[in-house]
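As structure tokens, the structure follows; a few thoughts come after it.
The values are calculated or read from the model by the stated rules, or taken from the named source; none is laboratory data. All values reported here derive from a predicted model rather than from experimental measurement. Heads up, the Cβs are rebuilt from the backbone with ideal geometry, glycines too, and the neighbour counts pull from every protein chain shown.
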Amino acid sequence: MTKTTQALLLKIIMTFAAAWVAFGFIDNNILASIFIISLLGTALNYLLGDLVVLPMLGNIVASLGDGVMAALTAYIYSLIIPQFTTSLFSLVLFAGIVAGVEYFFHKYLISTKKVAPNK
């Protein structure tokens, strides 16, 4: 398994845990929807946040952007799938957890030369 694959699996697990806390415990959503949010959030955050924003603007901006993008993804998903409910509290909690975890994840990405993005 490559370092990038390992990093993406770790990112999915972290995002899933954040989504489970925010949307499972707070809003009582089903696990399948939480998993879909985790996959969508991970994909968008890696492609935009980690590969584009992180190298250009740095860790803090990328981490905050990842948190906002994850919450926005969950909110848009809730508009499309009426069975998936969100509250302002759960969205802010999800964004905060994702941003906090992403800050340390980005430090790992930058220090590991075999995982994109590397400087």
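Just a few scattered comments:
- The condition (being farther than 15 Å from Val101 by Cβ and either in contact with a helix residue (DSSP H, G or I) (Cβ under 6 Å, 6 or more places away or on another chain) or not β-branched (Val, Ile, Thr) (or both)) is satisfied by just one residue among Gly49, Gly41, Gly58: Gly58.
- Hits in region 21-62 (condition: within 16 Å of Ala7 (Cα to Cα) and among the small types (Gly, Ala, Ser)): Ser38, Gly41, Ala43, Gly49
- Near pairs, Cβ below 7 angstrom, 6+ apart or cross-chain, from region 50-78 (polar (S, T, N, Q)) to any residue that is surrounded by fewer than 19 Cβ atoms within 10 Å (Cβ to Cβ): Asn59/Tyr103; Asn59/Lys107; Ser63/Tyr103; Thr73/Leu40; Thr73/Leu44; Ser78/Thr85
Residue-wise test of (1) modelled with pLDDT under 95; (2) part of a helix (DSSP H, G or I); (3) surrounded by 15 or more Cβ atoms within 10 Å (Cβ to Cβ); (4) under 12 Å from the mean Cα position of the chain (by Cα).
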{"position": "Leu8", "(1), (2), (3), (4)": "yes, yes, yes, yes"}
{"position": "Gly24", "(1), (2), (3), (4)": "no, yes, yes, no"}
{"position": "Ser33", "(1), (2), (3), (4)": "no, yes, yes, no"}
{"position": "Leu54", "(1), (2), (3), (4)": "yes, yes, yes, no"}
{"position": "Gly67", "(1), (2), (3), (4)": "no, yes, yes, yes"}
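- Selection count where residues are of a type in the set (S, T, N, Q) and surrounded by fewer than 20 Cβ atoms within 10 Å (Cβ to Cβ), scope region 74-99: 3
- Of the listed requirements (1) at pLDDT 95 or above; (2) within 15 Å of the chain's Cα centre (by Cα), Ser78 misses just one: (2).
- Of the set (1) free of Cβ contacts under 8 Å to residues at least 60 places away in the same chain; (2) within 26 Å of Lys113 (Cα to Cα); (3) of a type outside the set (Ser, Thr, Tyr), all apply to Met14 but (1).
- Within region 80-92, one or more residues are among the hydrophobic types (A, V, I, L, M, F, W, C), touching a residue at least 60 places away in the same chain (Cβ under 8 Å), within 30 Å of Val115 (Cα to Cα) and in contact with a Phe, Trp or Tyr (Cβ under 9 Å, 6 or more places away or on another chain).
- Asn45 passes every criterion in (1) touching a residue at least 40 places away in the same chain (Cβ under 8 Å); (2) over 14 Å from Pro117 (Cβ atoms); (3) assigned to a helix (DSSP H, G or I); (4) of a type outside the set (A, V, I, L, M) apart from (2).
- Filter pass, Leu72 being assigned to a helix (DSSP H, G or I), over 25 Å from Thr112 (Cα atoms) and at pLDDT 95 or above: yes
- Glu102 meets all of the listed conditions (1) crowded, with 21+ Cβ neighbours inside 10 Å; (2) in contact with a Phe, Trp or Tyr (Cβ under 8 Å, 6 or more places away or on another chain) but one, namely (2).
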